[in-house]
Amino acid sequence: MVGIFGKKASSTLWTKNFILFSGLNLFLNLGVQFLIPILPLYAISVLGASESQVGYLLGLYSFAALAARPFAGYAYDHFGRKKPFVIALIAFSILSFLYNFTATFILLVILRVIHGLAFSFTTTGTGAIVGDIVPSERRGEGIGYFGMTNTLAMALGPAIALSIMGNNNYWILFALSGFLAISAFLMSNFVHFPKIELSSKPFNIKTIFEKKVFSVVLVVLMFGVINGGVLSFIIIYSQDIGIINGGLFFLINSIGVITIRLFTGKIMDIHGPRPMIIFGFIIQSIGLVLLSAANGIFLFLTAAVLLGVANGTLMPTLQTMVMNMVESNKRGVANATFFAAMDIGVGGGSILLGLIAELASFKIMYLFCAVYLVIPLIYFLSYVSKDYERKIVEIDTTIINEKFK
């Protein structure tokens, strides 16, 4: 079978290596998801932070991750996949335990920023490594299934965290987050990291970001703005509208993500990204309108499943587009560019939407998000879709020509 870059490749997806690496990613992201709904509550109830301060806390984490992306992408393409990834896992594990020592909001912000740097290296690595592990002609399907471990973590993590928290048992949650990260590190010792042709280009502005994928990652950035608002403030919003167990949002949301991801990868590989992007943005806009209108559990959870379907469609489709647009020894930088755009979107979105919520209300904030989605959809239809198809043809032709030189 011929892959997307015109070369033969094994079509086997469910290898031992793929399953093991997916398990590693599940443990790593469970630790991350433990913290997402808890830190805003911890900052407000224990450290006395305001809603806008929580927005800055979440935003600075994303911007810290953004600052490290160029170095992470460069490291993975120049030094191989294993060494930078293992070092990042060790650092991430140690930092996860330190939340128990944040006695002031300033200390929490400092730790969160440093943790964001380590998070940047781990997520840049997982995206590049799974792109190497899966067969090229099944990359959309493989990335879709791999992403389901993120979704499962998003479903289980917040629900488990909120149930454990009980009477403010934050110290237990922070410790568990650290142990999950250590488990991911231990599993990395059994993963076979595919060897790649190392890039020899020097570290400069031209090599730390992949310009071929800029059109796609601008869509990622605009999509990230919405993710920053939906996930960061959903627990606080649920309390505002009188829903006691807001953690159900994450569980129902994840059901939507998992269900749609059973199909999106295969559809992407066969029909391309255009129908998936159109569907994803329309469903996300509907979900945000319902979330804005919610005053009870029914609309709240209906919005959760629709937003899950949208996220499960858009994220793997956009990431597969980025992976398909570059050669294997540029996937580290390309993946760093992808996540850098997401970091900017989530960070900027957390700050901007936090201010909107404080000045107006959460309902107005979510309604604003629904209207805003028209912008990335129009941009994708008018330019990105055609640019993607053109660059896929160019890179396929280039690699075939080099093969027969």
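If you scan region 234-278, which residues turn out to be within 17 Å of Ala310 (Cβ to Cβ) and part of a loop (DSSP other than H, G, I, E, B)?
The one that is within 17 Å of Ala310 (Cβ to Cβ) and part of a loop (DSSP other than H, G, I, E, B): Pro273.
Among Ile356, Ile351, Ile378, which is the only one that is more than 20 Å from Ile277 (Cα to Cα) and either without any contact (Cβ under 8 Å) to a residue 60 or more places away in the chain or not in a helix (DSSP H, G or I) (or both)?
Numbers: Ile351 fails: either without any contact (Cβ under 8 Å) to a residue 60 or more places away in the chain or not in a helix (DSSP H, G or I) (or both); Ile378 fails: more than 20 Å from Ile277 (Cα to Cα).
Going through Ile356, Ile351, Ile378 in turn, just one is more than 20 Å from Ile277 (Cα to Cα) and either without any contact (Cβ under 8 Å) to a residue 60 or more places away in the chain or not in a helix (DSSP H, G or I) (or both): Ile356.
So Lys266 passes all but one of these: (1) under 22 Å from Leu248 (Cβ atoms); (2) touching a helix residue (DSSP H, G or I) at 6+ places or on another chain (Cβ under 6 Å); (3) surrounded by fewer than 24 Cβ atoms within 10 Å (Cβ to Cβ); (4) not small (Gly, Ala, Ser). Which condition number does it fail?
The number of the failed condition is (1).
Kindly indicate whether any position in region 232-249 is buried (at least 21 other Cβ atoms within 10 Å of the Cβ), in contact (Cβ under 8 Å) with a residue 40 or more places away in the chain and under 30 Å from Val384 (Cα atoms).
Scanning region 232-249, I find at least one residue that is buried (at least 21 other Cβ atoms within 10 Å of the Cβ), in contact (Cβ under 8 Å) with a residue 40 or more places away in the chain and under 30 Å from Val384 (Cα atoms), so the answer is yes.
Please indicate, with yes or no, whether at least one residue in region 168-175 is on the phi > 0 side of the Ramachandran plot and surrounded by fewer than 21 Cβ atoms within 10 Å (Cβ to Cβ).
Of the residues in region 168-175, the ones on the phi > 0 side of the Ramachandran plot are 168.
Those still in the list that are surrounded by fewer than 21 Cβ atoms within 10 Å (Cβ to Cβ) too: 168.
So far as region 168-175 goes, yes, one or more of its residues are on the phi > 0 side of the Ramachandran plot and surrounded by fewer than 21 Cβ atoms within 10 Å (Cβ to Cβ).
Please indicate, with yes or no, whether at least one residue in region 58-71 is surrounded by 20 or more Cβ atoms within 10 Å (Cβ to Cβ), more than 15 Å from Val113 (Cα to Cα) and among the aliphatic types (A, V, I, L, M).
So far as region 58-71 goes, no, none of its residues is surrounded by 20 or more Cβ atoms within 10 Å (Cβ to Cβ), more than 15 Å from Val113 (Cα to Cα) and among the aliphatic types (A, V, I, L, M).
Looking at Gly127, Gly147, can you tell me which residue is under 16 Å from the mean Cα position of the chain (by Cα), modelled with pLDDT under 85 and within 20 Å of Lys16 (Cβ to Cβ)? Don't jump to the end; show me each part of the working.
Working: Gly127 fails: within 20 Å of Lys16 (Cβ to Cβ).
Residue meeting the stated conditions: Gly147.
Being modelled with pLDDT under 90 and of a type in the set (A, V, I, L, M) is the filter; apply it to region 348-387 and report the residue that is surrounded by the fewest Cβ atoms within 10 Å (Cβ to Cβ).
The selected residue is Leu359.
State all residues of region 287-318 that are of a type in the set (Val, Ile, Thr) and free of Cβ contacts under 8 Å to residues at least 60 places away in the same chain; if no residue qualifies, say none.
Once the filter is applied, which keeps residues that are of a type in the set (Val, Ile, Thr) and free of Cβ contacts under 8 Å to residues at least 60 places away in the same chain, region 287-318 yields Ile297, Thr302, Val305, Val309, Thr313.
Specify which of the listed residues (Ser22, Ser93) is at pLDDT 85 or above and closer than 26 Å to Ser136 by Cα.
Numbers: Ser93 fails: closer than 26 Å to Ser136 by Cα.
On inspection, the qualifying residue turns out to be Ser22.
So which of Leu180, Leu231, Leu198, Leu173 is at pLDDT 90 or above and either assigned to a helix (DSSP H, G or I) or farther than 21 Å from Leu57 by Cβ (or both)?
Matching residue, one of Leu180, Leu231, Leu198, Leu173: Leu180.
Residues to consider are Phe263, Phe298; find the one that is more than 19 Å from Asn227 (Cβ to Cβ), of a type in the set (Phe, Trp, Tyr), modelled with pLDDT under 90 and more than 18 Å from the chain's Cα centre (by Cα).
Phe263
Of all residues being over 20 Å from Leu251 (Cβ atoms) and among the aliphatic types (A, V, I, L, M) in region 29-46, which is surrounded by the fewest Cβ atoms within 10 Å (Cβ to Cβ)? Just the residue, please. Quick ask: steps written out before the conclusion?
Keep residues of region 29-46 that are over 20 Å from Leu251 (Cβ atoms), which gives 42-46.
Right, trim to among the aliphatic types (A, V, I, L, M) and you get 43-44, 46.
Values: Ala43: 22, Ile44: 16, Val46: 14.
Across region 29-46, the extreme among qualifying residues is Val46.
The values are calculated or read from the model by the stated rules, or taken from the named source; none is laboratory data. Here the structure is a predicted model, which is why all the values come from computation and not from measurement. All Cβ positions, even for glycine, are placed from backbone atoms using ideal geometry, and neighbour counts span all protein chains on display.
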